Amino acid sequence: MKKARICAAIVNNDIILIKENEHDVDLFEVRIDLIGAQWPDLVKLLKKPWIACNRSEDEGGKGNPDLIKREEELLWAAETGACIVDLEYRTKNLSDIVPQIKARTKCLLSFHDLVGTPSYEILVGIVEGQIKAGADYCKVVTTAQVFEDNLTVLKLIKAFPEVKLTAMAMGDEGRVSRILGPLAGGYLTYASLASGNESAPGQMTVKELRRTYELLR
């Protein structure tokens, strides 16, 4: 069975919790919008590669409402060691900021639907748009209302076998997609460092995911 790549979301500056999970993760997602001003000091302590993310309120985050200030922090993160910068696909000045990120590091373009799961055809169009915009990595996250929404995002992964694509559905109904996504060919899955530290609804902990994959093996 393919080894699942786990990315743990860091939502605060609890370095003890980070160290407890570091061995079991492949990389971290540094949520600048949730950690706050301490994030530059925190990333100096990480022993695994990390993704910089500064999520806007429109896509489920708490980032600065000023787009330019959010982007300045992301560019700073690229300069200070982020292996990937997560930029929202619906960013207004996408064509300007993507080249700036790619001049420094890899660029992940992400799409989040906080309400439901669009049709498969719409999601295919989103991934195609992300690729056209210059994404090194693509990410599509929907919200599962019914079990079949899991199948929609898993089918999306299968449609782009040559793309480093992460696709999953949030919420309790979407947990199956979080587990099976990387096994179906998705680039990675996201996990929380501990219960209560989730960065998105339905997120499992690192230890829960590792135990699940051990059982599946």
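The values are calculated or read from the model by the stated rules, or taken from the named source; none is laboratory data. Given the structure is predicted, the values throughout are model-derived calculations rather than measurements. As a convention, Cβ positions derive from the backbone with ideal geometry for all residues, glycine included, and neighbour counts pool all protein chains shown. The protein model used for the area step is the full one, side chains on, heavy atoms only, and it has no ligands, DNA or RNA in it. Shrake-Rupley method; radii C 1.70, N 1.55, O 1.52, S 1.80 Å.
What the chain shows is 46 Å² of accessible area per residue, with the surface traced by a 1.4 Å probe over protein heavy atoms. Within the stretch 155-217, the GluC sites (Glu not before Pro) that combine a DSSP coil assignment with at most 15 other C-beta atoms in a 10 angstrom radius are Glu162. Amide H to amide H, with H built 1.01 Å from N, Val140 comes under 5 Å of Phe111, Thr166, Ala167, Met168, counting only residues 5 or more places away or on other chains.
A straight Cα-to-Cα reach below 22 Å connects Lys69 with the lysines Lys44, Lys92, Lys102, Lys106, residues fewer than 8 places away in its own chain not being considered. The Cα atoms of the chain define a convex hull whose projected area, averaged across directions, is 10.8 nm². Quick check: from the Cα gyration tensor, does the stretch 51-138 come out rounded (a/c under 1.5), prolate or oblate? Here the stretch 51-138 falls in the oblate category.
Kirkwood's formula applied to the C-alpha pairs of the stretch 5-113 gives a hydrodynamic radius of 13.9 angstrom.
Put simply, the amide H of Thr205, placed in the peptide plane, has neighbours under 5 Å in Ser192, leaving out anything fewer than 5 places away on its chain. Tell me, what is the percent relative contact order of the stretch 58-144, built from C-alpha pairs under 8 Å that lie six or more residues apart? Computed value for the stretch 58-144: 29 percent relative contact order. What's the carbon and sulfur percent of the stretch 120-172's accessible surface, probe 1.4 angstrom, rounded to a whole number? It is 56 percent, rounded to a whole number.
Computed from the Cβ-Cβ distance with R0 of 45 Å, the FRET efficiency linking Glu72 to Gln145 stands at 0.80. What value, in deg cm²/dmol to 500, does the helix sum -39500 (n - 2.57) over DSSP H runs of n ≥ 4 give at 222 nm once divided by the residues of the chain? Computed mean residue ellipticity for the chain: -10500 deg cm²/dmol.
Shown here for the stretch 133-217: chymotrypsin sites (Phe, Trp or Tyr not before Pro) in loop regions (DSSP other than H, G, I, E, B) with at most 16 other Cβ atoms within 10 Å, namely Phe147. Within the stretch 100-217, all pairs of alpha-carbon atoms sorted by distance into 10 Å bins from zero give the percentages 15, 45, 32, 9, 0. Relative contact order, whole percent, for the chain stands at 19, derived from Cα pairs under 8 Å and 6 or more residues apart. For the stretch 1-47, the share of accessible area belonging to carbon and sulfur comes to 52 percent (1.4 Å probe, ligands and nucleic acids excluded).
The GNM of the chain, with springs linking C-alpha atoms under 10 angstrom apart, assigns the highest mean-square fluctuation among Ile179, Ile131, Ile18 to Ile131.
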